[in-house]
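Have a look at the structure below, then the notes.
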Amino acid sequence: MRENKQNLDPSRKPKGFLGAGVAPWAGFGVTLRTFFAKPVTEQYPFKGKYPDPYPRYHGRHQLNRYPDGLEKCIGCELCAWACPADAIFVEAGANTPDEQYSPGERYGRVYQINYLRCIFCGLCIEACPTRALTMTTFYELASTQRADMIYTKDELLAPIEEGMLAAPHPMAEGSADDDYYAGAITAPTAAQVSWVEQNRPGEPTLPGARAVAVADELATSGSPAAPAKGDAA
Ligand code: SF4
Ligand code: SF4
C-alpha cells in the first residue's frame, strides 16, 4: 500500500484540534473564491482573438524573397531530406534567361508542405542553406478538408513588399548568386525594371520597383561614396 508521505516527514508536527477542524474549510475557501471570480474562458475562435504567441513560436512556414523580388528557394530539397515526418515535397525547375525566379541555376518549381504530417520541429529551416524557409507565428491552420492542409508554393511564398519587383526577372546586373547570399542586393536595379517593362509591361509591382530603382540611381550618382548596386555591403 502507498504510504502517506506527510506521515513520514519527522519534522512535520501533527495539526492541533483547531487546525484539523479548520483545514477542510480553508480548502473550500479556495473553491468559494474561484466561484465568484471572473471567468477566464476564451471563446476563441468565435469571439475575440487568441493572444499572439511568442516571437519564436513555430507556426506556418514561409518561403522568403530577396529585396529585388527574386525567390530565395533554389530547389535543393535539403529541407525535404531533413524532415522527419516526410511532410515536404519539392520539385526543382531550371532558371532560364527568360524565366529567372531565383539566383543561380535552379528554383523551387513545386513546393508543398503537408500540415497533417508536420510536427513543427523546425529541422527543415535549419537545413535550408539560403534561409529561404523560415517559420512564422501564424497558427490558424485547422481545416475540415484534408486537401486544404497541403499548402502549396503560392500559399507559402512571402508577399511582395513595397519596392520589390515580382519574379521572374534577371539577377542584378554584374552580380553572382554569392552576392545575393551575402546580402549585397538591397533593391531592384534599373536594368531589372527595364527588363520587366519590356517583357511584362502590365506587371503590378512595376511602379513601386521603378520608384525605388530611380531613387537608388540618383543616390548613387549624387554621392560618389555610396556603394554601387551589386557591391558587397
Ligand atoms: S517543421 Fe519539422 S515536421 Fe514540419 S516540415 Fe519542417 S522538418 Fe518537417
Ligand atoms: S526551402 Fe531551402 S532547403 Fe528547401 S528546397 Fe528551397 S532552398 Fe532548398
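Within the stretch 83-102, the set of residues being within 8 Å of ligand 2 (Cβ to nearest atom) and either among the acidic types (Asp, Glu) or in contact with a helix residue (DSSP H, G or I) (Cβ under 8 Å, 6 or more places away or on another chain) (or both) comprises 88, 90. Taken over the stretch 94-113, the criterion of being more than 8 Å from ligand 1 (Cβ to nearest atom), assigned to a strand (DSSP E or B) and touching a strand residue (DSSP E or B) at 6+ places or on another chain (Cβ under 9 Å) is satisfied by 94, 99, 106, 107, 108, 109, 110, 111, 112.
If the condition is being of a type outside the set (D, E, K, R) and either away from ligand 2 (no atom under 12 Å from the Cβ) or without any contact (Cβ under 8 Å) to a residue 24 or more places away in the chain (or both), then the stretch 103-132 contributes 114, 115, 116, 118, 119, 120, 121, 122.
Somewhere in the stretch 15-30, is a residue part of a loop (DSSP other than H, G, I, E, B) and within 16 Å of ligand 1 (Cβ to nearest atom)? Step through it out loud before you land on a result.
First, pick out the residues of the stretch 15-30 that are part of a loop (DSSP other than H, G, I, E, B): 15-16.
Imposing the further condition that a residue be within 16 Å of ligand 1 (Cβ to nearest atom) reduces the set to none.
Scanning the stretch 15-30 turns up no residue that is part of a loop (DSSP other than H, G, I, E, B) and within 16 Å of ligand 1 (Cβ to nearest atom).
The sole residue among 205, 134 that is farther than 20 Å from residue 82 by Cβ and either modelled with pLDDT of 95 or more or not acidic (Asp, Glu) (or both) is 205.
Restricting to the stretch 116-126, name every residue that is over 13 Å from the mean Cα position of the chain (by Cα) and surrounded by 17 or more Cβ atoms within 10 Å (Cβ to Cβ). 118, the sole residue that qualifies. Number of residues in the stretch 54-82 that are within 12 Å of ligand 2 (Cβ to nearest atom) and aromatic (Phe, Trp, Tyr) equals 1.
The residue that is surrounded by the fewest Cβ atoms within 10 Å (Cβ to Cβ), among those in the stretch 147-168 that are out of contact with any Gly (no Cβ under 7 Å at 6 or more places or on another chain) and within 12 Å of residue 68 (Cα to Cα), is 161. Of everything in the stretch 19-66 that is modelled with pLDDT under 85 and hydroxyl-bearing (Ser, Thr, Tyr), the residue that is farthest from residue 114 (Cα to Cα) is 41.
Among the conditions (1) within 13 Å of ligand 2 (Cβ to nearest atom); (2) within 20 Å of the chain's Cα centre (by Cα); (3) under 14 Å from residue 68 (Cβ atoms), the only one that residue 177 does not satisfy is (2). Every test in (1) within 16 Å of ligand 2 (Cβ to nearest atom); (2) of a type in the set (S, T, N, Q); (3) over 16 Å from residue 115 (Cα atoms) is passed by residue 198 save one, and that test is (1). Can you tell which of 171, 135, 164 is in contact (Cβ under 8 Å) with a residue 40 or more places away in the chain and within 16 Å of residue 118 (Cα to Cα)? Going through 171, 135, 164 in turn, just one is in contact (Cβ under 8 Å) with a residue 40 or more places away in the chain and within 16 Å of residue 118 (Cα to Cα): 135.
Screening residue 91 with (1) part of a helix (DSSP H, G or I); (2) in contact (Cβ under 8 Å) with a residue 12 or more places away in the chain gives one miss only, at (1).
The values are calculated or read from the model by the stated rules, or taken from the named source; none is laboratory data. Note that the coordinates shown come from a computational prediction; the quantities given were computed from them, not determined experimentally. Reconstructed Cβ throughout: ideal geometry from the backbone, glycine too, with neighbour counts over all protein chains shown.
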